[in-house]
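Okay, handing you the structure first.
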Amino acid sequence: FTALREDASLAAFYLISLALGVLLVSLKGSNVDLMHVLFGTVLALDNAALILLCAITTFTLATLALIFRPLVLECADPRFLASVSRWSGPVHFIFLALVVLNLVAGFQALGTLMAVGIMILPAATARFWATSISGMLIVAAVSASIASVIGLLMSYHAGLPSGPAIILSAGCLYLLSLGFGPVGSLFTRAFPRPHLDA
């Protein structure tokens, strides 16, 4: 509804809400540990939390499989989708609902700050390795898995908090991709490959 892009509005609303929540918890003098709220307790998840995460993951993947084509059209050319189908509005809101659902599910495992990081960093990393949507999805899933394994190993062997270790691993993968990825990285922009002449 404004000139600001939707993702920027969502990020601003998220950060304002997070700051307000932390402030309210601090003012009330609650016994809630803010470190667990912000950074999560991925190593202390019980069976109920794991089952909830698996159920949300299954629901998300099934829903994405159902709306994949209209979602791609909505992202690439929303006006075209609106002109040929009634799916434009519903697909947009279904996708936003999935984002919110996954963020809320991630809050318990990784905390509020870490949930946003594990959602954004692998997707940003994938932009430097693939040009197709399916390629980006695969690269994002693989980079998130690699970051999770590396972060958990760092947490176990070095005694670090698991949430920040996972996000720092994802951040390192992002910085590596930003510097040396094959698609639009700093290296490929500084040293473009010569075009072949016919």
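In the range 105-133, how many residues are touching a residue at least 60 places away in the same chain (Cβ under 8 Å) and among the aromatic types (Phe, Trp, Tyr)?
Number of matching residues: 1.
Based on what the data block shows, is ASP33 loosely packed, with under 14 Cβ neighbours inside 10 Å and either modelled with pLDDT under 85 or not assigned by TED's automatic domain parsing to the domain that holds PRO164 (or both)?
yes
I would also like to ask the following. Restricting to the range 172-198, give me the number of residues that are of a type in the set (Ser, Thr, Tyr), assigned to a helix (DSSP H, G or I) and surrounded by fewer than 19 Cβ atoms within 10 Å (Cβ to Cβ).
Total meeting the criteria: 1.
Which residues, counting only those in the range 158-171, are without any contact (Cβ under 8 Å) to a residue 24 or more places away in the chain and part of a helix (DSSP H, G or I)?
ALA158, ALA165, LEU168, SER169
Then there's this: Output the number of the condition that THR112 fails; it satisfies all remaining conditions of (1) hydroxyl-bearing (Ser, Thr, Tyr); (2) touching a Gly at 6+ places or on another chain (Cβ under 9 Å); (3) modelled with pLDDT of 90 or more.
(3)
Any residue at all in the range 74-84 that's basic (Lys, Arg), in the same structural domain as VAL149 (by TED's automatic domain parsing), modelled with pLDDT of 90 or more and on the phi < 0 side of the Ramachandran plot?
no
Please determine whether any residue of the range 128-142 is part of a loop (DSSP other than H, G, I, E, B) and among the polar types (S, T, N, Q).
The answer is yes, given that some residue of the range 128-142 is part of a loop (DSSP other than H, G, I, E, B) and among the polar types (S, T, N, Q).
Look through ALA130, ALA144 and report the one residue that is under 12 Å from the mean Cα position of the chain (by Cα) and modelled with pLDDT of 90 or more.
ALA144
Quick check on the range 86-114: of everything there that is within 15 Å of the chain's Cα centre (by Cα) and among the small types (Gly, Ala, Ser), which residue is nearest to LEU152 (Cα to Cα)?
Here the residue is ALA109.
Kindly indicate the residue of the range 60-84 that is surrounded by fewer than 14 Cβ atoms within 10 Å (Cβ to Cβ) and closer than 30 Å to SER162 by Cα and also nearest to the chain's Cα centre (by Cα) among those meeting that condition.
Taking the candidates together, the pick is LEU61.
Being more than 9 Å from the chain's Cα centre (by Cα) and farther than 12 Å from ALA144 by Cβ is the filter here; which residues of the range 115-127 pass it?
Selection gives ARG127 alone.
The values are calculated or read from the model by the stated rules, or taken from the named source; none is laboratory data. Remember, it's a predicted structure, so these values are computed and weren't measured experimentally. Cβ coordinates were reconstructed from backbone atoms using ideal geometry, including for glycine residues, and neighbour counts include every protein chain displayed.
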